[in-house]
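Novice: Have a look at the structure that comes next, please.
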Amino acid sequence: KKEIVVHVIGTIKQKGEEEDTIEVYTTGTYYEKEGCLYLLYEEDMGEPYGIVKNTVKIKEEPLQITVSKKGITNSRMVFEVGQKNQSYYQTPFGGMSLSTNTKDVIVEMDENALKVNIDYEIEVDFEVLSQNKIIIEGSFR
């Protein structure tokens, strides 16, 4: 296991609205297990929401990224280029079923850093709700 400094940038663009960006800086843990790479980090959502635990699993052949969140929101989203995957998103206000339609996934890694780019759409009831991007940059300590 290695300590890693994590910078996450998430952008959401809904029809007729301005693009919304969320940035998180935190520390986490990185390790390899059974041919997959794992990145674990916590996100402080502030009062009264608390901490959300994030797990990013990277499977290389074929390239598949799973992002799981546990806390005030609970979700598990799977990203594979050209694939539409069903997800369930649970919030304190209720849950919803949605689909992620992955446009592109890029993973770059060397001995000092890890970078993951995910470009995807979220669909609800077969309608595109938003265009989304997640960039996860990690620097090993």
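The values are calculated or read from the model by the stated rules, or taken from the named source; none is laboratory data. Predicted model, so just to flag it, every value in this text is computed and none were measured. Using ideal geometry, Cβ is built from the backbone for each residue, glycine included, and neighbour counts are taken over all protein chains shown. Just so you know, the surface numbers come from the protein's heavy atoms only, side chains and all, with ligands and any DNA or RNA stripped out. Shrake-Rupley method; radii C 1.70, N 1.55, O 1.52, S 1.80 Å.
Novice: Need one number: the % of Cα-Cα pairs in the chain sitting beyond the 27 Å mark.
Specialist: 18 percent
Novice: Please report how far the C-alpha centroid of the stretch 64-115 lies from that of the stretch 1-18, rounded to the nearest whole angstrom.
Specialist: Going from one Cα centre to the other spans 11 Å.
Novice: For the chain, modelled as a GNM with alpha-carbon contacts under 10 angstrom, which of 63, 39, 98 fluctuates the most?
Specialist: Between 63, 39, 98, it is 63 that shows the largest mean-square fluctuation.
Novice: For residue 74 and residue 115 in the same chain, what is the full-extension length gain: residue separation times 0.36 nm, less their Cα-Cα distance, in nm?
Specialist: Fully extending the segment from residue 74 to residue 115 adds 12.4 nm.
Novice: To continue, here is another question. Roll a 1.4 Å probe over the protein heavy atoms and report the accessible area of residue 89 in Å², nearest 10.
Specialist: Only protein atoms counted, so the area is about 70 Å².
Novice: For residue 34, what is the net charge nearby, where nearby means another residue's Cβ is under 15 Å from its Cβ and Lys, Arg count +1, Asp, Glu -1?
Specialist: Here the charged neighbours net out to +1.
Novice: Right, here's the next one. Name the GluC sites (Glu not before Pro) in the stretch 62-141 that are in a loop by DSSP and that have at most 15 other C-beta atoms within 10 Å, would you?
Specialist: Sparse-neighbourhood loop GluC sites (Glu not before Pro): 111.
Novice: Among 104, 44, 125, which one shows the biggest mean-square fluctuation in a GNM of the chain, springs joining Cα atoms closer than 10 Å?
Specialist: Most flexible of the set in this elastic network: 125.
Novice: Using the heavy atoms of the protein chains and a 1.4 angstrom probe, tell me the accessible area per residue for the chain in square angstrom.
Specialist: 61 Å²
Novice: Among 62, 92, 48, which one shows the biggest mean-square fluctuation in a GNM of the chain, springs joining Cα atoms closer than 10 Å?
Specialist: It is 48.
Novice: Right, another one. Find, among the trypsin sites (Lys or Arg not before Pro) in the stretch 5-114, those assigned to loop by DSSP (not H, G, I, E, B) with at most 13 other beta-carbon atoms within 10 angstrom.
Specialist: 15
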